[in-house]
Amino acid sequence: MRAYFDLIAGFGARGSILGFELCDDKPRMERVCCWIDDSGYNHFVVDSGESEPLAYKMTPTYLPDGTFDKHPVLARFTHEAMTSDAAIRQGVLAGLAAFGGDSQTE
């Protein structure tokens with residue numbers, strides 16, 4: 001089974017999370033929720049760079065994606081991150097929960 005999430009987190013000198021990128025739905029239509037402490041939230045769809053089967057793979061890029069329903073992502077991350085470091089898990093969950101209303105990009 002392929003991974004559903006990839007998580008990249010940045011930390012400050014005291015161990016607090018300064019930002020994260022949580023990539024979700026990797027097997028089908030990968031998207032990424034980004035939060036950076038001093039600039040807020042964004043949500044993107046990931047262009048994998050694999051549009052042609054026999055061509056060289058291009059660098060993946062983030063493209064605007066105006067919709068983000070945080071509830072399924074929160075539920076799945078809560079379940080799948082049970083064995084992750086508690087401080088990281090709680091920081092990401094708090095960040096996701098604070099993301100503005102459903103189906104929007106801030």
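No lab work stands behind these numbers, since they all come straight from the coordinates. The structure displayed is predicted, hence computed values, not measured ones. Positions of Cβ are generated from backbone atoms using ideal geometry, with glycine treated the same way; all protein chains shown enter the neighbour counts.
Test Ser16 against the stated conditions and say whether it is surrounded by fewer than 16 Cβ atoms within 10 Å (Cβ to Cβ), out of contact with any strand residue (DSSP E or B) (no Cβ under 8 Å at 6 or more places or on another chain), free of Cβ contacts under 8 Å to residues at least 60 places away in the same chain and over 18 Å from Lys70 (Cα atoms). So Ser16 fails the test. Screening Asp65, Asp69, Asp47 for residues that are surrounded by 13 or more Cβ atoms within 10 Å (Cβ to Cβ), in contact with a Ser or Thr (Cβ under 6 Å, 6 or more places away or on another chain) and in contact (Cβ under 8 Å) with a residue 12 or more places away in the chain leaves exactly one candidate, Asp47.
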